[in-house]
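The values are calculated or read from the model by the stated rules, or taken from the named source; none is laboratory data. Note that the structure is predicted; figures quoted are calculated from it, not measured. In this analysis, Cβ positions are derived from the backbone assuming ideal geometry, glycine residues included, and neighbour counts consider all displayed protein chains. In case anyone asks, the SASA skips ligands and DNA or RNA and just uses the protein heavy atoms, side chains included. Shrake-Rupley method; radii C 1.70, N 1.55, O 1.52, S 1.80 Å.
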Amino acid sequence: MPLKSLLVLGLLASASVLAADTAKAPAAPVPLLWKVSDKDNAVYLLGSFHLLRPGDYPLSSDADAAFADAERVLFELSPEEMRSPALPQLMAQAAIRTDGKTLQQDLDAETWARFEAWGRTNQATLQQMGLSPQMLTVFEPWFIAVTISIVEMTKQGLDPKLGLDNHFMDQALAAGKPTGGLERAQEQIAVLDGMDATEQRQFLAESLQEAEKGAAETQRLHAAWRRGDAEELWNGMVADMRTQYPRLYQRINVDRNDAWVPKIRRILDQPGDDDALVVVGALHLLGDDGVVEKLRARGYQVERICSACKAGTR
């Protein structure tokens with residue numbers, strides 16, 4: 001299972017997605033949306049892809065209704081941090097090599113050759129981003145892998161401005177609804193920077209291989225998201241990560257979910273009937289390690305909100 005496909009479900013920093021064939025797609029994506037309730041208020045949990053295309057809109061009436069019902073909206077990162085020009089700088093600072101080795105020394109010969117070939121092919125795109133293949137070599141492999149994914153997504157016409165997170169950030173701003181983040185940017189960056197050397201080299205090698213193969217894997221991932229197919233996303237992708245990359249899965253998913261659940265519980269347990277919408281990467285809502293099941297296990301009422309599911313149109 002490519003690490004890029006797993007990170008896209010769980011991290012804003014490295015998120016990517018390719019739109020499926022919209023000619024056969026439903027009029028709107030079937031949302032991965034759950035309502036978690038106690039006796040007086042509710043939290044809606046919406047699984048996001050962080051970069052989308054125009055064909056992924058309009059959203060379903062279920063997603064729009066959840067937003068309308070919520071008095072505030074929370075994201076992985078607050079809009080202020082997510083949209084801060086300092087965020088790319090923080091990532092770059094965390095990724096600068098400090099081990100005294102060159103990137104070529106750090107990689108096997110095959111991966112280095114693939115990186116050089118990718119750099120030659122994408123030099124013009126890198127220049128538009130203010131980068132060059134030579135500049136990338138001063139960074140650790142995880143940062144280069146993220147950059148490769150971003151470049152490939154850009155070539156596929158993907159736009160972070162159209163991502164589900166950005167959509168609801170704009171909607172909340174227009175409606176005057178308070179917003180916030182479940183974690184800080186430094187915490188999210190630390191997940192990537194916390195990869196050990198072997199994981200980083202694997203991430204880079206797989207990013208290069210995915211770039212060579214094209215968009216088939218991310219297309220499959222996106223199609224499952226559009227269908228709202230939680231079972232396919234879990235069984236076909238996320239479950240593999242738990243087996244193949246257990247340490248990375250623990251950092252990307254379990255540890256962050258465990259940190260978020262108490263913050264969501266505080267919203268539910270506070271007096272009053274104010275509701276909230278929480279928009280996070282879909283990975284965090286799936287399976288027995290997901291936020292949905294962790295809240296169910298704590299006694300809250302949980303239901304999937306899916307009009308298309310009830311109508312039998314997915």
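The fraction of accessible area contributed by carbon and sulfur in segment 97-176 is 52 percent, rounded to a whole number (1.4 Å probe; ligands and nucleic acids excluded). Pairs from the table (Lys35/Lys263; Lys263/Lys310; Lys35/Lys161; Lys161/Lys294; Lys161/Lys263) lying more than 24 angstrom apart at Cα are Lys263/Lys310; Lys35/Lys161; Lys161/Lys294; Lys161/Lys263. The charge dipole of segment 69-178, taken about its Cα centre with unit charges on the Cβ of Lys, Arg, Asp and Glu (plus for the first two, minus for the last two), comes to roughly 320 debye. Take every pair of alpha-carbon atoms less than 8 Å apart whose residues are at least six positions apart; their mean separation over the length of segment 71-152 yields a relative contact order of 36 percent.
Length gain on complete extension for the stretch Asn235 to Ala27, per 0.36 nm per residue less the alpha carbon to alpha carbon distance? That pair, Asn235 and Ala27, stretches by 72.3 nm at full extension. Charge tally for Pro178 (other residues, Cβ to Cβ under 13 Å; Lys, Arg +1; Asp, Glu -1): -2. Phi angles across segment 298-304 convert, under the Karplus curve 6.51 cos²θ - 1.76 cosθ + 1.60 with θ = phi - 60°, into 3J(HN,Hα) values of 8, x, 7, 6, 10, 9, 7 Hz, Gly and Pro given as x.
Extension gain for the segment Ala175 to Val254, taken as residue separation times 0.36 nm less the Cα-Cα distance, is 25.2 nm to one decimal. 3J(HN,Hα) along segment 161-169, derived from phi through the Karplus expression 6.51 cos²θ - 1.76 cosθ + 1.60 where θ = phi - 60°, amounts to 5, 9, x, 4, 4, 4, 4, 6, 5 Hz, with x in place of Gly and Pro.
Dividing the summed helix terms, -39500 (n - 2.57) for each DSSP H run of n ≥ 4, by the number of residues in the chain produces a 222 nm estimate of -14500 deg cm²/dmol to the nearest 500. When only C-alpha pairs under 8 Å and at least 6 residues apart count, what is the relative contact order of the chain, in percent? Value for the chain: 40 percent. Exactly which trypsin sites (Lys or Arg not before Pro) in segment 233-294 are in a DSSP loop and have at most 10 other Cβ atoms within 10 Å? Here no trypsin sites (Lys or Arg not before Pro) fit, given the DSSP loop and packing criteria. Here the relative contact order of segment 156-271, from alpha carbon pairs under 8 Å that lie six or more residues apart, stands at 24 percent. Only Lys, Arg, Asp and Glu carry charge here, each on its Cβ (+1 for the first two, -1 for the last two); on that basis the chain has a dipole of about 320 debye about its Cα centre. Rolling a 1.4 Å probe over the protein heavy atoms gives the chain an accessible area of 43 Å² per residue. Ranked by the mean number of other Cβ atoms within 10 Å per residue, highest first, peptides 184-191, 222-229 order as 222-229, 184-191.
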